[in-house]
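Read through the structure below, which is laid out as structure tokens, and then see the notes.
The values are calculated or read from the model by the stated rules, or taken from the named source; none is laboratory data. These numbers were taken from a predicted model, which means no experiment stands behind them. Virtual Cβ from ideal backbone geometry, glycine too; neighbours counted across all protein chains shown. Each accessible area value is taken on the protein alone, full model and side chains, heavy atoms only, with ligands, DNA and RNA left out. Shrake-Rupley method; radii C 1.70, N 1.55, O 1.52, S 1.80 Å.
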Amino acid sequence: MYEPINRDNVLEGAKLAFGQPVETRYDFEKADVIVSLDADFLYAGFPGNVRYIRDFAKRRNPDGKMNRLYVIESTPTTTGAKADHRLPETGNGVVEMAYALGILLGVRTDAVRPSVPQFFQPLLLDLKNHSGASIVIPGDHQPPLVHALAHAMNANLGNIGKTVFYADPVDANSINQTESIKDLVSDIHAGKVDLLVILGGNPAYDAPADLDFANVLKNGKVPLRVHLGLYQNETAELCQWHINQAHELEAWGDARAYEGTVSIIQPLISPLYGGKSALEFVALLSGQADATGYDLVRTYWQKQHTGADFEQFWRKSLHDGWIESAGFAPKQMALKPGNLPHPSDHDQNAIELNIRRDPTIYDGQFSNNGWLQELPKPMTKLTWDNAVLIGSKMGERLQIKTCDVVELELNGKKVTGPVWIQPGVPDNSVTITLGYGRTRAGRVGTAQGFDAYTLRTSAAPWFATGLQIRKTGDQYVLASTQGYQSMDTPDGGHRPLVRETALEQYRNHPNFAKEQGEEPAPGLTLYKPYPYKEEDYAWGMAIDLNSCVGCNNCMIACQSENNIAVVGKEQCAIGRHMHWIRIDTYYQYPDQETRDRDNPKAFFQPVPCQQCENAPCEVVCPVGATNHTSEGLNDMVYNRCVGTRYCSNNCPYKVRRFNFFLFQDWTTPQYKMMRNPDVSVRSRGVMEKCTYCVQRINERRIDAEREDRKINDSNHEDELKTACQQSCPAGAIIFGNINDPNSKVSKLKAQARNYSLLGELNTRPRTTYLAEVSNPNPELKS
């Protein structure tokens, strides 16, 4: 059993602390103080992150009891961006910081009291003052020692059973996956394997480099090799047989969530290409040639069910989507006696290589997904590539700039890749992400980026010291969707795009958001006001920047809902990406003169069409393709558009997208099933943009008129949501009728934190923002 992004360190850390593997669950809604030890728990890939985002965001309300987040991390992440205090450290530095914090919290009573940075004393006091209401959470990639330290610190702080819970492992067989694949390779070399069946994996590409799995398959020591997978990938190429696997949406199955809840997987469609699920294929090998996925799942749960009426239980489980009472109950755990070992020594001056999962394509299994390839990375906004991330101090010292191609060498292994200077990367640290450099991924994923697995070994899968970096003299084009990532101007000024303040200042000056920017008086306009009726709908949106964690869920949801095309790297590089909503990432430097050497604060800002009352796009369209509706939307009539692009030139928010080429595939039949039939598919020469999901508005309007009521009335609250709102795990996006003073959106817009983006232009946007409020420790200046 092997996956390249596994939880070996998590389970080994639990064994070190408790003597047995357990899963750790966290209740962020009850936590007043959170300390992240390189844990990016607010982004995809971290188990339970969707629930964690929602719980964390609930506690970021500055008008309530606001939590405080400290982050010590080895590379900039979305979690670090939301931190009230962020400390950049190398991967090994995080281990040392965790060990020092553990000593201060009494984990090792015999150890010498460490010298710690100024960052630690207020943090330590904050944790002790919130015993039983705090969380210390380690990153999955951190070594077992850090996980064991976190368990001990949570125990000493009294968090167990209050904000931190333990349960049995989710995996049916909780083995060390790295050791498992090493054992397999040893058996192959020893001639013990006659038949190798690979279910869905791709070890020829993603196994540790020191195992040289591709050559192990090539040398012929395994007489018969069979691969089951969605794609004929790098591993399938080295097997005599490749079995077409059914997609998860085509197959029956069951799955266990991060906290133990079991769901029944029901197919949405019959297999398009006659594929077999892993369940059906294993059943075939065991002699059940005619067994279907449905029969296998139903039979298994029939044996597990102890009640009398199985049919009622089965139907209820299918209806609800999960099996009642099948989750794992919290269990009591006792720390093993004895002190934890000291961190291993490392060269403080050596350059560290930090290997991480990719924010969009994960470990490479999603390489052939165009939506994810074109989804901008949350911190860099890069698309279609991975990059060598280094900090500005290191870049200056080595005379390396963005888009320079460098050669990375570690233990005799070499790989070349382009550089991206990323604010917040620790000095003497290099970060690369997995999943790229594929040779057989499909039309979309092949030959994108460079292969970071080349430098990944079983002994050091996540970070290693001793990296050598050299400039090659070459240049490489990187496609980023955001050209300006600082709110500070060269002359030392500040653009208040994201308006923010600290909690103490907010309580003293609640109207700070409006004071940071000026908006003209309502009557100061050359536009004739639109006549609205009070009984009509007036659609508007409010986006709470305090809740937004930059997860990009809204972008993918919008793309799926509205049939938005993928345009490719070349078009993205020249600014022709098509996303109707984007997440801008801005950096703010505490000291303008030393901006390249500081640890900047990062902010996220979702930007859809602002649906302006005084819309600059409408007055310049020569053919009347963009119009103001009676409900305040800026609609697009695609059939009228002749592609002058005057509207895009006149839009200060740059949220209108133009089809320069025929980006849509009109001929492949399967794509017709992928598209939303309620939204038209646009062709070349047409301008398009967000319309607050007008197809959903019209659908709900018809339903409401049938029942002689209003949309989203008190009995049908939240019946109408935009795609971005529906998918937002943080609840940061609220849409509704601003003519209704009792609607959620009206209540948000009435708050003191509400402001308009570029409000000084007098566009009167229907989309507004709630300013961000951080909760720094008064004892810490930064």
Hull volume per residue for region 283-387, using the convex hull of the C-alpha atoms, in Å³ is 317
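With the convex hull built on the Cα atoms of region 200-240, state its orientation-averaged projected area in nm².
Mean projected area of the Cα convex hull: 2.7 nm².
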For region 629-672, the per residue accessible area (1.4 Å probe, Å²) is 55
Computed over region 488-638, the relative contact order (Cα-Cα under 8 Å, seq sep at least six) in percent reads 20
When the charge dipole of the chain is computed with +1 on Lys and Arg Cβ and -1 on Asp and Glu Cβ about the Cα centre, the Cα farthest towards its positive end, among 516, 727, 439, belongs to 516
Here the convex hull volume per residue of region 579-666, taken over Cα atoms and given in Å³, is 169
Residue 642 and residue 630 label points (each 7 Å along its Cα→Cβ direction) are spaced in nm at 2.9
Hull surface over four for the Cα convex hull of region 653-782, reported in nm², is 13.4
Violations at 21 Å Cα threshold for listed pairs 414/471; 65/381; 162/331; 514/689 -> 65/381; 514/689
Of 221, 749, ordered by accessible area with the largest first and a 1.4 Å probe, the sequence is 221, 749
If unit charges are put on Cβ atoms (+1 for Lys and Arg, -1 for Asp and Glu) and the dipole of the chain is taken about its Cα centre, the option from 649, 741, 289 lying farthest towards the positive end turns out to be 649
With +1 at each Lys and Arg Cβ and -1 at each Asp and Glu Cβ, the charge dipole magnitude of region 1-99 around its Cα centre, to the nearest 20 debye, comes out at 460
Rounded to the nearest 5, the percent of DSSP beta bridges in the chain running antiparallel is 55
Region 1-118, Kirkwood Rh and Cα Rg, ratio Rg/Rh at 0.98
A student applying the Cα gyration tensor rule (rounded when a/c is under 1.5; otherwise prolate if a/b is larger than b/c, oblate if not) would label region 48-201 prolate
Sorted list, accessible surface of protein heavy atoms, 1.4 Å probe, largest first, for 27, 212 is 212, 27
Checked against a 24 Å limit on the C-alpha separation, the offending pairs among 654/710; 533/654; 182/221; 58/749 are 654/710; 533/654
Applied in sequence order to region 294-307, the curve 6.51 cos²θ - 1.76 cosθ + 1.60 (Karplus, θ = phi - 60°) yields integer Hz couplings, x standing for Gly and Pro, of 4, 4, 5, 5, 5, 5, 4, 6, 5, 6, 7, 6, 9, x
Taking N as the number of residues in region 371-456, the ratio of its alpha carbon radius of gyration to 2.2 N^0.38 Å works out to 1.10
With the 1.4 Å probe rolled over protein heavy atoms, region 356-507 has an accessible area per residue in Å² of 39
All alpha-carbon distances of region 170-232, grouped into 5 Å bins from 0, give the whole-percent distribution 4, 15, 27, 28, 18, 7, 1, 0
Taking alpha-carbon centroids only, region 426-475 lies from region 182-240 a number of Å equal to 22
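Would you mind counting up the charge near residue 30? Only other residues with Cβ under 9 Å from its Cβ, with Lys and Arg at +1 and Asp and Glu at -1.
On the way: positive: 59, 162; negative: 27, 29, 32, 55.
Neighbourhood net charge equals -2.
Relative to the Cα centre, what is the charge dipole magnitude of the chain, using +1 at the beta carbon of each Lys and Arg, -1 at the beta carbon of each Asp and Glu, and rounding to the nearest 20 debye?
Taking the Cα centre of the chain as origin, the dipole is about 860 debye.
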For 376-383, 495-502, ranked highest to lowest by mean beta-carbon neighbours within 10 Å, the order is 376-383, 495-502
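Tell me whether region 421-555 comes out rounded, prolate or oblate; compute the Cα gyration tensor, take square roots of the eigenvalues as a ≥ b ≥ c, and use a/c under 1.5 as the rounded threshold. Don't skip to the answer; put the middle values down first.
Working: a/c = 2.61, a/b = 1.96, b/c = 1.33.
Since a/c reaches 1.5 and a/b is larger than b/c, the shape of region 421-555 is classed as prolate.
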Among 265, 628, 497, the residue whose Cα sits farthest towards the positive end of the charge dipole of the chain, when +1 is placed on the Cβ of each Lys and Arg and -1 on the Cβ of each Asp and Glu, is 628
Expressed per residue, the solvent accessible area of region 1-77 in Å² (1.4 Å probe) is about 30
With x for Gly and Pro, the residue-by-residue ³J(HN,Hα) of region 699-708, computed from phi through the Karplus equation 6.51 cos²θ - 1.76 cosθ + 1.60 at θ = phi - 60° and given in whole Hz, is 5, 6, 5, 4, 4, 5, 5, 4, 9, 6
Checking rank on 408-416, 82-90, 126-134, with mean other Cβ inside 10 Å and highest first, the result is 82-90, 126-134, 408-416
With +1 at each Lys and Arg Cβ and -1 at each Asp and Glu Cβ, the charge dipole magnitude of region 652-716 around its Cα centre, to the nearest 20 debye, comes out at 420
Region 634-782: relative contact order from alpha carbon pairs under 8 Å, six or more residues apart, as a whole percent, is 14
Of every hundred units of 1.4 Å-probe accessible area on the chain, the number belonging to carbon and sulfur atoms, as a percent, is 50
Rh_Kirkwood(region 619-717) over Cα pairs, Å, one decimal, evaluates to 15.8
Region 266-382: relative contact order from alpha carbon pairs under 8 Å, six or more residues apart, as a whole percent, is 11
Normalised Cα Rg of the chain, dividing by 2.2 N^0.38 Å with N its residue count, works out at 0.99
Cys residues of the chain with no disulfide-compatible partner (no other Cys Cβ under 4.7 Å) are 239, 403, 548, 551, 558, 572, 612, 621, 641, 651, 693, 728
Given 550-557, 156-163, 431-438, 184-191, the highest-first ranking by average Cβ count within 10 Å works out to 431-438, 550-557, 156-163, 184-191
